Amino acid sequence: MADGTSIEWTDATWNPVTGCTKVTAGCDNCYAARFSERFRGVPGHPFESGFDLTLRPERISQPFLWRRPRMIFVNSMSDLFQKNVPRDFIDRVFETMEAADWHVFQVLTKRSSLMRDYLRRRYRGASPPTQIWLGVSVEDGRARARIEHLRQAPAKIRFLSIEPLIAPIGTMNLDGIHWVIAGGESGPKARPISADWVREVRDQCAHQGVAFFFKQWGGIRPKTGGRALDGREWNELPSRAPARVAA
């Protein structure tokens, strides 16, 4: 758990699961895998096992230690809905998020159908908590099916992370989507991003009344290209979002 983060759209991170497997082109240059693998084999290091899937039950209760409200990115170093994460462990993560209702929890996945199905089971006949935001990653037009899965999931706030944006997205139906984050890839193998791809996303958000947040142009380092798009920064949040709290 990190109380403070360089990720512009959140305040803190919480990783009850670490490690993952690559499933789409958006995963090719995964920053979390690159970071974790640097420490594979280092005795006693949290990433001694590199980016292998690792459940960390000792971290389940960590959000209760933070009494001041925060926006918390859940599993910044993993994906909660990997098929090998036991359902009862996912249940424990959700029980914490439901109980620690002074925070906002931002859950992001590429396993969109698995998340949809889990949420339908968990909240059948009940209203989903307002503090648990659910999102999917969408890196190019081939991944747009994840948006439909998200729209089918019970959630008060639904969001898209269009990062890394590696190709045009095309036309999106954003009905039921409350927030879109876009950004370019960073790291030594960063793929180029086109300003026209970003504008296409921004303009669809504006037309459909969805908050738009531009995170970065990317490059060798996340801050290499800055954050300005057409002369300004775009830092919109969902209308039902709490006021940002400094980490």
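Tell me the residue from Trp217, Trp197 that is surrounded by 15 or more Cβ atoms within 10 Å (Cβ to Cβ) and under 30 Å from Gly4 (Cβ atoms), please. Outline the logic, then answer.
On the way: Trp197 fails: under 30 Å from Gly4 (Cβ atoms).
Residue meeting the stated conditions: Trp217.
So in region 46-76, with the set limited to residues that are touching a Leu at 6+ places or on another chain (Cβ under 9 Å) and part of a loop (DSSP other than H, G, I, E, B), which one is farthest from Ser113 (Cα to Cα)?
Selected residue: Ser76.
Give me the pairs, please: first residue somewhere in region 57-68 and aliphatic (A, V, I, L, M), second residue anywhere and surrounded by 11 or more Cβ atoms within 10 Å (Cβ to Cβ) and modelled with pLDDT of 95 or more, beta-carbon distance under 6 Å, and either six or more positions apart or on two chains.
Going by the 6 Å Cβ cut-off, the qualifying pairs are Ile60/Pro16; Ile60/Arg92; Ile60/Thr96.
Scan region 36-45 and give yes if some residue there is touching a residue at least 12 places away in the same chain (Cβ under 8 Å) and either assigned to a loop (DSSP other than H, G, I, E, B) or among the aromatic types (Phe, Trp, Tyr) (or both), otherwise no.
Here is the first cut: in region 36-45, the residues touching a residue at least 12 places away in the same chain (Cβ under 8 Å) are 36-37.
Next, only the ones that are either assigned to a loop (DSSP other than H, G, I, E, B) or among the aromatic types (Phe, Trp, Tyr) (or both) stay: none.
The answer is no, given that none of the residues of region 36-45 is touching a residue at least 12 places away in the same chain (Cβ under 8 Å) and either assigned to a loop (DSSP other than H, G, I, E, B) or among the aromatic types (Phe, Trp, Tyr) (or both).
Conditions: (1) surrounded by 17 or more Cβ atoms within 10 Å (Cβ to Cβ); (2) free of Cβ contacts under 8 Å to residues at least 40 places away in the same chain; (3) of a type in the set (D, E, K, R); (4) not in a helix (DSSP H, G or I). Asp175 meets all but one. Number of the miss?
(1)
Scan region 126-165 residue by residue and report those that are of a type in the set (Val, Ile, Thr), in a loop (DSSP other than H, G, I, E, B) and crowded, with 21+ Cβ neighbours inside 10 Å.
Hit for region 126-165 is Val138, nothing else.
Please find, within region 179-190, the residue that is surrounded by the fewest Cβ atoms within 10 Å (Cβ to Cβ) out of those that are in a loop (DSSP other than H, G, I, E, B) and in contact with a Leu (Cβ under 9 Å, 6 or more places away or on another chain). Write out each step before concluding.
So the first thing to find is which residues in region 179-190 are in a loop (DSSP other than H, G, I, E, B), and the list is 184-185, 187-190.
Okay, now just the ones that are also in contact with a Leu (Cβ under 9 Å, 6 or more places away or on another chain), so 184-185.
Working: Gly184: 25, Glu185: 23.
Among those residues, the one meeting the criterion is Glu185.
Could you grab me the full set of residues in region 77-99 that are outside any helix (DSSP H, G or I) and surrounded by 19 or more Cβ atoms within 10 Å (Cβ to Cβ)? Let's see the steps before the verdict.
The first filter runs over region 77-99 and keeps only residues outside any helix (DSSP H, G or I), leaving 77-86.
Listed by number, the residues that qualify are Met77, Ser78, Asp79, Leu80, Phe81, Gln82, Val85.
Do the conditions hold for Leu108, that is, is it buried (at least 16 other Cβ atoms within 10 Å of the Cβ) and under 22 Å from Lys215 (Cβ atoms)? So that I can check it myself, show each step before the final result.
On the way: buried (at least 16 other Cβ atoms within 10 Å of the Cβ): yes; under 22 Å from Lys215 (Cβ atoms): yes.
The answer is yes for Leu108.
Would you check if Ile169 is in a loop (DSSP other than H, G, I, E, B) and crowded, with 23+ Cβ neighbours inside 10 Å?
Working: in a loop (DSSP other than H, G, I, E, B): yes; crowded, with 23+ Cβ neighbours inside 10 Å: yes.
Yes; evaluated as a whole, the condition is true for this residue.
The values are calculated or read from the model by the stated rules, or taken from the named source; none is laboratory data. Because the structure is predicted, anything quoted here is derived from the model rather than measured. Positions of Cβ are backbone-derived with ideal geometry, glycine not excepted, and every protein chain shown enters the neighbour counts.
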